[in-house]
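J.: Below are the structure tokens for one structure; questions will follow.
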Amino acid sequence: MNIVAVRALFAFEMSRWRRTLMQSVISPVLSTSLYFVVFGAAIGSRISEVEGVSYGAFIVPGLIMMLILAQSTANASFGIYFPRFTGTIYEILSAPVSALEIVLGYVGAAATKSVILGLIVLVTASFFVEVRIAHPFWMLAFLLLTSIAFSLLGFIVGLWAEGFEKLQLIPLLIITPLSFLGGTFYSLNMLPPFWKTVTLLNPIVYLISGFRWSFYEISDVSVGVSLLMTLVFLLVCLAVIWLIFKTGYRLKA
Amino acid sequence: MPAIISVIDVSKTYASGFTALHGVDLDINEGEIFALLGPNGAGKTTLINIICGIVNASFGSVSVAGHDNVTEFRAARSAIGLVPQELTLDMFESVWATVNFSRGLFGKPKNHAYVEKILRQLSLWDKKDSRILSLSGGMKRRLLIAKALAHEPRILFLDEPTAGVDVELRRGMWDVISGMRADGVTIILTTHYIEEAELMADRVGVILKGGIVLVERKDELMRKLGRKMLVLDLQSPLVTLPAGLDAHNLVLSPDGKHLTYTFDTKSERTGITALLNDLRSAGVTFSDLRTEESSLEDIFVDLVKKAAQ
Ligand SMILES: Nc1ncnc2c1ncn2[C@@H]1O[C@H](COP(=O)(O)OP(=O)(O)OP(=O)(O)O)[C@@H](O)[C@H]1O
Ligand SMILES: [Mg+2]
């Protein structure tokens, strides 16, 4: 295992992040805060409580999850797409690093950024509403697993994309809509039975439900199922990446 | 000398269906400077990229320092530093950061003194904190060399290292390359400046349309294929060649002022003595004479022409 190389890749990605600290930290924190102001104030005045939790506090876990999903995919996909685009990937391909080490470096950095952002938003949220965390360990576990899983997804997108438009396509067409319909702003019990069933087909529902459980011990689906879904998603992404590297797809001519 | 790189029957067909290499066999000796020459699109970069692990070969195998470059890619790649043809750099990074990154990528622990030494050698030390986008083209080219050397490779590939570098810096680069050769580094370079290969290389390989057509020691090549010309400046211009000189294959310049005699350096008899005798008998007098040697460039152009026919 070439640990030094993993560290070099990781540090490279993190320094790229620091260079653009403004966009990478301030903007997600700002937009999440706006959600609080708009949704918390507008809807919170009509729905005061959901399953015993104040509406403002109820939406916190979902908002963090939405941020993590968007940031992980965006960061990881850009991280690997950019060197492919500029040609600097030659150096990584000619270095004594394995596929696993490349993934560890890039995905590790993207997931780290997401976790840091998630925690920053959590702290920000606690200024607006009273946030209670019933199971800190599980909260961190869900945060971490989801960050890794969606960074892996982003990495796949970054390997697959042939242009900057395609890089945006998956987040725009799949992740954003699914995460808006993923139960951040409502409990599934508030939906008519038909829509509740449809919503259960949305994998993001499971992620948000599990995460919210670690805060308030309320959930739309059982926590075990949430955890299982997260792990399955993670494994599927890993398998896809393994396949991509095995065939050299899109990386080597 | 043992071979440090062995390319065995390597072919490459790109996804587009284009076959860029046809069964290439090539041995590179340890410690030599090998110049790979060939016209645009001949397959030089493809061959280098296959050896370095950037492009997968469709067929054949490559071993580097005794290690197969696919099954033992770590050992094989660790030995190699690559300076790519294109100026591909992370424009927003600093010079210092990018060279240290390269070293880390190859698994080497930090060594600031060594990195400083390379940057000084390549006249980049005063630019170490600059962002790469603020460097000139020639500086970027040298930075790519610094990155390739960052992990102390035994083998260095230079894919057109002096493209876009001015004369003075090119000389400087030759010095750096000679210095590395003296340190025992094996160097493989491609170039379109053939006088560069002529000056530096121990051996020359010519690749045409994806096939190696010639591999030869440079001095041997020059001797074998080399032709010399004897040029005579005449005292009084001639309209036609005097009879009695026909046997010598002389060429009279259009203005009638020069006679050129071409001879093979490898043949035992050059025919010069006979020519001079016959000239005297014919009453041709000359004011000056000089010989010209054909360069590697002439040899190369000749080969390419022949292959085109
Ligand atoms: N990724 C690719 N897909 C398809 N064809 C390619 C690819 N890369 C190179 N080729 C083709 O393979 C041939 C050899 O290209 P290569 O870059 O190896 O040439 P070269 O000898 O390095 O030329 P130059 O002197 O211009 O650098 C060319 O005809 C080129 O068009
Ligand atoms: Mg080339």
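The values are calculated or read from the model by the stated rules, or taken from the named source; none is laboratory data. Every value quoted in this text rests on a predicted model; they were computed, and no experiment measured them. Cβ placement follows ideal geometry from the backbone for every residue including glycine, while neighbour counts extend to all protein chains displayed. Just the protein is used for accessible areas: all its heavy atoms, side chains included, with ligands, DNA and RNA removed. Shrake-Rupley method; radii C 1.70, N 1.55, O 1.52, S 1.80 Å.
J.: How many residues does segment B:76-99 contain that are open to solvent by less than 30 Å² (accessible area, probe 1.4 Å) and assigned to a helix (DSSP H, G or I)?
T.: 5
J.: Kindly establish whether B:Ala57 is in a helix (DSSP H, G or I) and either away from ligand 2 (no atom under 16 Å from the Cβ) or open to solvent by 20 Å² or more (accessible area, probe 1.4 Å) (or both).
T.: So B:Ala57 does not fit the description; no.
J.: May I ask you to say which residue of A:Gly154, A:Gly158, A:Gly163 is free of Cβ contacts under 8 Å to residues at least 24 places away in the same chain, under 24 Å from A:Thr247 (Cβ atoms) and not hydroxyl-bearing (Ser, Thr, Tyr)? Show your work before the answer.
T.: Details: A:Gly154 fails: free of Cβ contacts under 8 Å to residues at least 24 places away in the same chain; A:Gly158 fails: free of Cβ contacts under 8 Å to residues at least 24 places away in the same chain.
From the options A:Gly154, A:Gly158, A:Gly163, the qualifying one is A:Gly163.
J.: Restricting to segment A:76-110, give me the number of residues that are charged (D, E, K, R) and either away from chain B (no Cβ under 13 Å) or surrounded by 20 or more Cβ atoms within 10 Å (Cβ to Cβ) (or both).
T.: 2
J.: Could you figure out which of (1) within 11 Å of chain B (Cβ to nearest Cβ); (2) open to solvent by less than 60 Å² (accessible area, probe 1.4 Å) isn't true of A:Ser31?
T.: (1)
J.: Just checking, does segment B:240-261 include any residue being open to solvent by 20 Å² or more (accessible area, probe 1.4 Å), in contact (Cβ under 8 Å) with a residue 40 or more places away in the chain and in contact with a Leu (Cβ under 7 Å, 6 or more places away or on another chain)?
T.: No, segment B:240-261 contains no residue that is open to solvent by 20 Å² or more (accessible area, probe 1.4 Å), in contact (Cβ under 8 Å) with a residue 40 or more places away in the chain and in contact with a Leu (Cβ under 7 Å, 6 or more places away or on another chain).
J.: Examine segment B:83-104 for a residue that is within 15 Å of ligand 1 (Cβ to nearest atom) and aliphatic (A, V, I, L, M), and state whether such a residue exists.
T.: The answer is yes; a qualifying residue exists.
J.: Would you point out the residue of segment B:100-128, among those that are facing chain A (nearest Cβ under 8 Å) and not in a helix (DSSP H, G or I), that is most open to solvent (accessible area, probe 1.4 Å)?
T.: That would be B:Pro109.
J.: Could you please find all residues in segment B:161-197 being under 24 Å from B:Ser294 (Cβ atoms) and either within 16 Å of ligand 2 (Cβ to nearest atom) or open to solvent by less than 60 Å² (accessible area, probe 1.4 Å) (or both)?
T.: Result: B:Thr162, B:Arg170, B:Trp174, B:Leu189, B:Thr190, B:Thr191, B:His192, B:Tyr193, B:Ile194, B:Glu196, B:Ala197.
J.: Now for a separate question. Could you list, in sequence order, all residues of segment B:256-290 that are of a type in the set (Gly, Ala, Ser) and more than 14 Å from B:Leu234 (Cβ to Cβ)?
T.: B:Ser267, B:Gly271, B:Ala274, B:Ser281
J.: Follow-up question, since we're still on this one. Looking at (1) closer than 22 Å to A:Leu207 by Cα; (2) among the aromatic types (Phe, Trp, Tyr); (3) without any contact (Cβ under 8 Å) to a residue 60 or more places away in the chain, which is the one condition that is false for A:Phe58?
T.: Among (1) closer than 22 Å to A:Leu207 by Cα; (2) among the aromatic types (Phe, Trp, Tyr); (3) without any contact (Cβ under 8 Å) to a residue 60 or more places away in the chain, A:Phe58 violates only (3).
J.: Right, B:Ile51: in a helix (DSSP H, G or I) and either open to solvent by 40 Å² or more (accessible area, probe 1.4 Å) or under 16 Å from B:Ile5 (Cβ atoms) (or both) or not?
T.: yes
J.: Any residue in segment B:16-26 that is away from every other protein chain (no Cβ under 12 Å) and charged (D, E, K, R)?
T.: yes
J.: Looking only at segment B:66-77, decide whether some residue is more than 8 Å from ligand 1 (Cβ to nearest atom), closer than 27 Å to B:Glu196 by Cβ, assigned by TED's automatic domain parsing to the domain that holds B:Thr190 and of a type in the set (Phe, Trp, Tyr).
T.: The answer is no, given that none of the residues of segment B:66-77 is more than 8 Å from ligand 1 (Cβ to nearest atom), closer than 27 Å to B:Glu196 by Cβ, assigned by TED's automatic domain parsing to the domain that holds B:Thr190 and of a type in the set (Phe, Trp, Tyr).
J.: Still on this model: With (1) surrounded by 22 or more Cβ atoms within 10 Å (Cβ to Cβ); (2) within 14 Å of another protein chain (Cβ to nearest Cβ) as the list, and B:Ile33 as the residue in question, which single condition is left unmet?
T.: The failed condition is (2).
J.: In segment B:38-47, is there at least one residue being farther than 23 Å from B:Lys218 by Cα and more than 16 Å from ligand 2 (Cβ to nearest atom)?
T.: no
J.: While we're here: Residues that are more than 8 Å from ligand 1 (Cβ to nearest atom) and within 16 Å of the chain's Cα centre (by Cα): does segment B:3-24 have at least one?
T.: No, segment B:3-24 contains no residue that is more than 8 Å from ligand 1 (Cβ to nearest atom) and within 16 Å of the chain's Cα centre (by Cα).
J.: Tell me, which helices (runs of 4 or more DSSP H) lie completely within segment B:190-304 with 1 or more residues that are more than 18 Å from the chain's Cα centre (by Cα)?
T.: In segment B:190-304, the matching helices (runs of 4 or more DSSP H) lie at B:218-225, B:272-282.
J.: Is there a residue in segment B:66-75 that is part of a loop (DSSP other than H, G, I, E, B), in contact (Cβ under 8 Å) with a residue 60 or more places away in the chain and either away from ligand 2 (no atom under 16 Å from the Cβ) or farther than 18 Å from B:Ala150 by Cβ (or both)?
T.: There is no residue in segment B:66-75 that is part of a loop (DSSP other than H, G, I, E, B), in contact (Cβ under 8 Å) with a residue 60 or more places away in the chain and either away from ligand 2 (no atom under 16 Å from the Cβ) or farther than 18 Å from B:Ala150 by Cβ (or both).
J.: Now a separate question. Here are some conditions: (1) surrounded by fewer than 16 Cβ atoms within 10 Å (Cβ to Cβ); (2) under 17 Å from A:Phe137 (Cβ atoms). A:Leu243 meets all but one. Which one does it not meet?
T.: Of the numbered conditions (1) surrounded by fewer than 16 Cβ atoms within 10 Å (Cβ to Cβ); (2) under 17 Å from A:Phe137 (Cβ atoms), the odd one out for A:Leu243 is (2).
J.: Can you go through A:Leu140, A:Leu100, A:Leu159, A:Leu167 and tell me which one is in contact with a Ser or Thr (Cβ under 6 Å, 6 or more places away or on another chain) and either part of a helix (DSSP H, G or I) or among the acidic types (Asp, Glu) (or both)?
T.: Every option except A:Leu167 fails the conditions.
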